[in-house]
1. May I ask you to derive the relative contact order of the stretch B:20-89, considering only C-alpha pairs under 8 Å and at least 6 residues apart, and to give it as an integer percent?
2. Only Cα pairs within less than 10 Å get springs; with that Gaussian network setup on chain A, which residue of A:Ala264, A:Ala345, A:Ala49 has the largest fluctuation?
3. If you bin every alpha carbon distance in the protein assembly as shown into 20 Å steps from zero, what whole percent lands in each bin?
4. Normalise the Cα radius of gyration of the stretch B:11-56 by 2.2 N^0.38 Å (N = residues in it) and let me know the number.
5. What is the packing order of peptides A:8-17, A:215-224, A:231-240, B:46-55, taking the mean over residues of other C-beta atoms within 10 Å and listing the highest first?
6. Rg and Dmax of the stretch A:121-210, Cα atoms, in Å?
7. What translational diffusion coefficient, to the nearest whole µm²/s, does the stretch A:195-334 have by Stokes-Einstein, given a Kirkwood radius computed over alpha-carbon pairs, a temperature of 25 °C and 0.890 mPa s viscosity?
8. Hey, got the Cα dimensions of the stretch A:17-144 along the principal axes, in Å, largest first?
Amino acid sequence: MTAPIPMGLLAELTHRCPLQCPYCSNPVELARPAGEIDTATWARVFREAAGLGVLQVHLSGGEPCARRDLPEIVAAAAAAGLYTNLITSAVTLDEARLATLVEAGLDHVQISFQDAEPAGADRIAHMPGAHAKKLAAARLVTKAGLALTVNAVVHRQNLDRLGAMIDLALELGAQRLEVAHVQYYGWALANRAALMPTRAQLDRATETVEEARRIHAGRLVIDYVVPDYYATRPKACMGGWGRQFLVVSPAGKVLPCHAAAGIAGLVFDDVREKSLREIWENGDAFQRFRGTAWMPEPCRGCAHKEEDWGGCRCQAFALTGDAAATDPACRLSPAHAAIGGLATAEASAAPPEFRYRRFERGAEAPAPAPAPAAAAPASSLSGIPAVSAPHERVDP
Amino acid sequence: MTGPQPIDEATTPRLPRHVKLRFDEARGAWVLLAPERVLMPDEIACDVLKRLDGKTQLGALIDALARDYEAPRDLVAGDVTELLRDLAGKGMVSL
Ligand code: SF4
Ligand code: SF4
């Protein structure tokens, strides 16, 4: 099928990060700094992306501030006419750095918080003092007159303080709060049992968010990402494969979604070898699950197939071993009952220790708890942004 | 402060700094950009947004629109207020 016009580009500038969140979106096998693409290549990627119709770029990582050339990168994105969003842990973001980024044309900053209180937050990030540094950086962002989004990734170990996290966002003067339940890919899949909330925790969280939305309407926009394992319909992952979004990895690979590297058998083109347009329009990985023609039953004959596009390919692969299967988050998937049971079982057992995100030797992926329909091959693990799920949407 | 912001004819609606209205060549359409959000305003909404200069009060804005579209002022007032309230709820307009 012909390629639609993309809306957003997720630029993963580096996999370096001073934090070690156990739910990190990055692949378990992290890209080495030596393989990162340079400033000029990023500038070309931004120009080509704008030419394709991309409107927004999300500068992410790892920690994008770990790139010394970040101001040049922001300037290049702004020069290409893109709306620039920095997705950061903010622990290294000081006043001088922020000033150079503002001058370079930065439009918006999103800072992740691991918890509402320092001890828990620093434990999850595995970095003493991280929470205090984030608070200071968030204040600098609003002081500089930039819009701030607070990103709260929630799971069984911090969900009981969701109300306090909402208060934190308000106190910091954020315009937007993203409450994102962990999505289980990459490091999060490896840590699933330590993160999976109970159904009761989830329901309370949903109520808390709905109430806060009502109370703070017009002051704080709250986006809410629900967890798949307790859902009955899947998310329209990335707004549909190869429809709205593309991801460029630190090493220059172009992916339809941040977790796609985990799907065995997909080959990703390299921005150093082909134009972004060629990759977007004809690249194998993009064409594979674009549209609806690839769908098997029950999606093929389903009335919702152009609403949710069959859900997430990466999750289908991780949980069933078949990337073309219906996302098990859908109640029509044969694997659906099993994942609900898995979530309930994991959430009711004592949480295991975190396996923190770090550069590890070799490519061995951690074995997740046995998946329902078929055990996920170890090599299937990869990342989706726990930092920020870039849910682009177009409201009519 | 809680609840939706009040809006009356003395309000001066404006686009917050992080919201950008831009013509997009690839789509041949105007787009309104905010963090993680893209809106495609229709022609009239677009015209309203272009007039948000941070100085014009809502009352004057309605007068101008009623004149330019040769439409009854009440009707314009209702539609424009609703549009702005909706966009303010999405964080895309400041009141
Ligand atoms: S999720 Fe945590 S470890 Fe991963 S990039 Fe973000 S801040 Fe770093
Ligand atoms: S069967 Fe497929 S298309 Fe239908 S709701 Fe489930 S995932 Fe979506």
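Nothing in this text is a laboratory measurement; each read-out follows from the coordinates by a stated rule. Given the structure is predicted, the values throughout are model-derived calculations rather than measurements. Because the Cβ atoms are built from the backbone with ideal geometry, glycine has one as well, and the counts that use them run over all protein chains shown.
1. The normalised contact order for the stretch B:20-89 reaches 17 percent.
2. Among A:Ala264, A:Ala345, A:Ala49, the largest GNM mean-square fluctuation belongs to A:Ala345.
3. Final binned percentages: 24, 58, 18, 1.
4. 1.15
5. Per-residue Cβ counts within 10 Å, averaged per peptide and sorted highest first, yield A:8-17, A:231-240, A:215-224, B:46-55.
6. 14.0, 40
7. The diffusion coefficient I find is 147 µm²/s.
8. So the three principal-axis extents are 45, 37, 23 Å.
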